[in-house]
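So the structure is just underneath, and the comments pick up after that.
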Amino acid sequence: MSLQQLECTKCDLLQNVCSNQKSCDEKLDKTSKMSEHQLELSFALTSGAMIVIAWLMGHFGYSSISIPLYLSAYVIGGYFKGKEGLLDFIHNRSLNVELLMIFAAVGSAIIGYWVEGAILIFIFSLSGALEAYTMNKSHREISALLDLQPETATVLAEHGEQIINVSQLSIGDHVLIKPGERIPADGQIIRGQTMVDESALSGESIPIDKVINDNVFAGTVNNNGVIVISVTKTSEESLFQKIINLVQTAKDEKTPSQQFIEKFEGTYVKIVLVLVGLMMFLPHYVLGWSWTETLYRAMVLLVVASPCALVASIMPATLSAVSSGARHGILFKGGMHIEKLATLKAIALDKTGTLTKGKPEVANVLIRDGIDRHEFLQIVSSIEKLSTHPLAEAVVRFAKEQGVTSFEDVDHLQDVSGLGIEARISNTTWKIGKRGFIGDAVADTFYPLEASKLSDDGKTLVYVSNSGEVVGLFALSDLIRQETVDAIKSFKKHGIYTVMLTGDHEKTASAIQKQTSVDHFVANCLPEEKVLEIKQLRNKYQSIAMVGDGINDAPALATANVGIAMGGGTDVAIETSDIVLMKNDLSKIVKAISLSKRMNRIVKQNIIFSIAVIFLLIISNFMGQISLPLGVLGHEGSTILVILNGLRLLRG
């Protein structure tokens, strides 16, 4: 498939993501593109029919009619490939495979082999049409993402329901979504509950329960409930749009192997032309061949030595891998990143939001004897609900789960950054925060053994004091993701060394290491220190990946050989990374590595096979054991086989 055709596909995809008008234009353009492929196939078949008629005319003595028919078959059959080769030559100033085929066909006609030259044109044009079809199968898998994006949304306005284009949605709009409809925009549920099929984004087929305040994403399916959402992102900023942009970027990126093959192609074609030039006269003088045989074998060499199969060995496999990854919630920003995954020797992982859920939860509560538990939780949550700190939010959530429904009036609240919060309720002073904020000496008098054990377990301790006396203690922990342990085990099976980089203190990091079995950890790690650690790992292991989700992970993601961002992470992390996991599931990395190894294996198979076929055909030609039509058949057949082999990646 030519670069021009790939660019057309690119334009088709980009036009489809903006507005209704653009969507219509894209559909018309796509229809036009399909018609062009159908026209190419019909031209090839027409050429074949004319060859049969011309041969019959020549066989029955009407050679004056057969020659014009052969000429017509040349022009009709070679139109698309000749045009493609000529435009590529003008644009890149280099010879290409298409021109080699045209030269061979014309050369055959000049020495009187009209039938062979015409058959060459026919088989070459037919295989080109079939090649375009198989390549487009991979493109269609990628383009299918666009069909999942709704074009309209039902907005609840003052005067009732109003259907508008998705591109006209604004942040804060209330959108009604009925059962079976695709969600038109990223938003938060404000009314109703349902189950949402998010397989288009994450590859996870099991629907997810969604209730009020839960987030939903454009392109996913509302299964069974009527919900109303408040739009949180415009269509251009939605998660679904990011997927389209990332996949589109990946299509245009080339692997190092592909770049090498494309550079090699130009040099190789020149070498072939030189050899063909020598072949046109040397065998006549050295081996005693007739001039006709010498020129004919030169034309066969021009065909069989062309690197069509070699050129097609990589791109179809890469596009198929990108498409397969997207279906499973793994977005590659380029084929080169897939290729690198197969050689990973170490992987560095951020803790919060990557190994853990990134959402602290209350694990233990200790309360002084004689203190009413409900009253204690009510007072603490009344103060903590005025703070935006994640630990404070976790305490408030826990209190609500324990039945706290009303809150006390709070006076003179003071938030001491990095330490805790102080407030007055009913003329009583309360302090909530770190042990240093409460006072180390006071904190040591409250369940010292239990507090020490909780701290050793990696839990964060929040003390509560009343008028200078500790009355309670919360132990909070960031829970390990369910799939984390299995993912770490899989990394080790692949021989990949695992390192955890975290800004938490050493006790917490050590506790997480015990739970996840990572090989090594670095605690108290600031963003710039993460970069240094990544550089050290690169020096030691050469090929490493970094997995993270936060703004502080972005420099490390950019420094690693492969940066992998969690889909639920910050925009900065997603933009900086090379691969995005739409579902925050580390096991997807294992699947990506397996996909990478499969792709590299298939590419090697294709390259070895294509070179072997070229070598075999060249030897057969020198031995006089192959005709021009058979040479074309072997040459084009091997091209189609390597493309089909690459498309096997679409299955998994």
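Cα gyration tensor of segment 305-352, axes a ≥ b ≥ c as square roots of the eigenvalues: rounded (a/c below 1.5), prolate (a/b > b/c) or oblate?
Here segment 305-352 falls in the oblate category.
Just reorder V485, V166 by solvent-accessible area, largest first, 1.4 Å probe, all chains present.
Numbers: V485 45, V166 10 Å².
So the residues, ranked largest to smallest area, are V485, V166.
Report the charge-dipole magnitude of segment 551-646 in Debye, nearest 20, computed about the Cα centre from +1 at each Lys and Arg Cβ and -1 at each Asp and Glu Cβ. Please list the in-between numbers first.
Working: 7 positive and 6 negative charges, 89 e Å.
Rounded to the nearest 20 debye, it is 420 debye.
Relative contact order for segment 508-568: what percent, with Cα pairs under 8 Å and sequence separation of 6 or more?
Taking the mean separation of contacting Cα pairs over the length of segment 508-568, I get 28 percent.
If R0 is 30 Å, what FRET efficiency do you get for V416 and I212 from their C-beta distance, rounded to 0.05?
With a Förster radius of 30 Å, E is 0.35.
Could you tell me which of the pairs K434/K583; K233/K434; K340/K489; K178/K359; K385/K507 are separated by over 25 angstrom between their Cα atoms in the structure shown?
Over 25 Å Cα-Cα: K434/K583; K233/K434; K178/K359; K385/K507.
Quote the accessible area belonging to Y79 in square angstrom, nearest 10, computed with a 1.4 Å probe and with ligands, DNA and RNA left uncounted.
My reading of the accessible area for Y79 is about 110 Å².
Given the Cα atoms of segment 389-488, and with Rh set as the inverse mean 1/r over their pairs in the Kirkwood sense, what is Rg to Rh to two decimals?
Working: Rg = 15.4 Å, Rh = 15.1 Å.
For segment 389-488, the value is 1.02.
Return the whole-Å distance between the Cα centroid of segment 485-507 and the Cα centroid of segment 215-235.
Using only Cα atoms to place each centre, the spacing works out to 35 Å.
Fully extended, how many nm does the chain gain between I110 and E237 (0.36 nm per residue separation, minus their Cα-Cα distance)?
Contour length minus the Cα-Cα distance gives 39.7 nm.
Would you mind classifying segment 461-586 by shape? Square roots of the alpha carbon gyration tensor eigenvalues, ordered a ≥ b ≥ c; an a/c under 1.5 is rounded, otherwise it is prolate if a/b is larger than b/c and oblate if not.
Prolate, because a/c is 1.5 or more and a/b exceeds b/c.
Work out how much length K178 to S627 would gain on full extension: take 0.36 nm times their residue separation and subtract the Cα-Cα distance, in nm to one decimal.
155.1 nm
Counting only protein heavy atoms, what percent of the accessible surface of segment 264-320 is carbon or sulfur at a 1.4 Å probe?
75
From the backbone phi of segment 54-71, what are the Karplus-calculated ³J(HN,Hα) couplings (6.51 cos²θ - 1.76 cosθ + 1.60, θ = phi - 60°) in whole Hz, Gly and Pro given as x?
Those phi angles translate into 4, 5, 5, 4, x, 5, 9, x, 9, 5, 5, 8, 5, 4, x, 5, 4, 4 Hz.
Mind grabbing the base-10 log of I(q)/I(0) for segment 40-86 at q = 0.22 Å⁻¹? Debye formula, identical points on the C-alpha positions, no solvent, two decimal places.
Log-scaled intensity ratios, in q order: -0.67.
Consider a paramagnetic label point 7 Å from the Cα of I551 along Cα→Cβ; state which residues of segment 209-233 have an amide N under 20 Å from it.
It comes to 233, nothing else.
So what are the ³J(HN,Hα) numbers for segment 601-608, from phi and the Karplus equation (6.51, -1.76, 1.60; θ = phi - 60°), rounded to whole Hz, Gly and Pro as x?
5, 5, 4, 4, 4, 4, 5, 4
Remind me, relative contact order of segment 352-492 in percent, using alpha carbon pairs under 8 angstrom and six or more residues apart?
Working: 212 pairs, mean separation 43.4, N = 141.
Reported as a whole number, the value is 31 percent.
Given R₀ = 41 Å, what would the calculated FRET efficiency be for E450 paired with R651, taking r from the Cβ atoms and rounding to 0.05?
Efficiency for this residue pair is about 0.15.
Run the accessible area of segment 598-652 with a 1.4 Å probe and give the carbon-and-sulfur part as a rounded percent.
Answer for segment 598-652 is 74 percent, counting heavy atoms of protein chains only.
At a probe size of 1.4 Å, how large is the accessible area of H374, to the nearest 10 Å²?
Accessible surface of H374 is approximately 90 Å².
Apply the Karplus curve 6.51 cos²θ - 1.76 cosθ + 1.60, θ = phi - 60°, to the phi angles in segment 524-540 and return the couplings in whole Hz, x for Gly and Pro.
So the Karplus estimates, Gly and Pro as x, are 6, 9, 7, x, 5, 6, 4, 4, 4, 4, 5, 5, 5, 5, 5, 5, 7 Hz.
So for the pair S170, S64, with labels modelled 7 Å out along Cα→Cβ, what separation do we get in nm?
Roughly 8.0 nm, to one decimal.
Over segment 282-392, calculate the relative contact order: mean separation of alpha carbon pairs under 8 Å at least 6 apart, over the residue count, as a percent.
About 11 percent, as a whole number.
So for the pair N224, T152, with labels modelled 7 Å out along Cα→Cβ, what separation do we get in nm?
The answer from the label model is 2.8 nm.
The values are calculated or read from the model by the stated rules, or taken from the named source; none is laboratory data. Worth saying up front: this structure is predicted, and the values here are computed from it rather than measured. Methodologically, a virtual Cβ is constructed for each residue, glycine included, from the backbone with ideal geometry; neighbour enumeration extends over all protein chains shown. Only protein heavy atoms, including side chains, enter the accessible area calculation; ligands, DNA and RNA are left aside. Shrake-Rupley method; radii C 1.70, N 1.55, O 1.52, S 1.80 Å.
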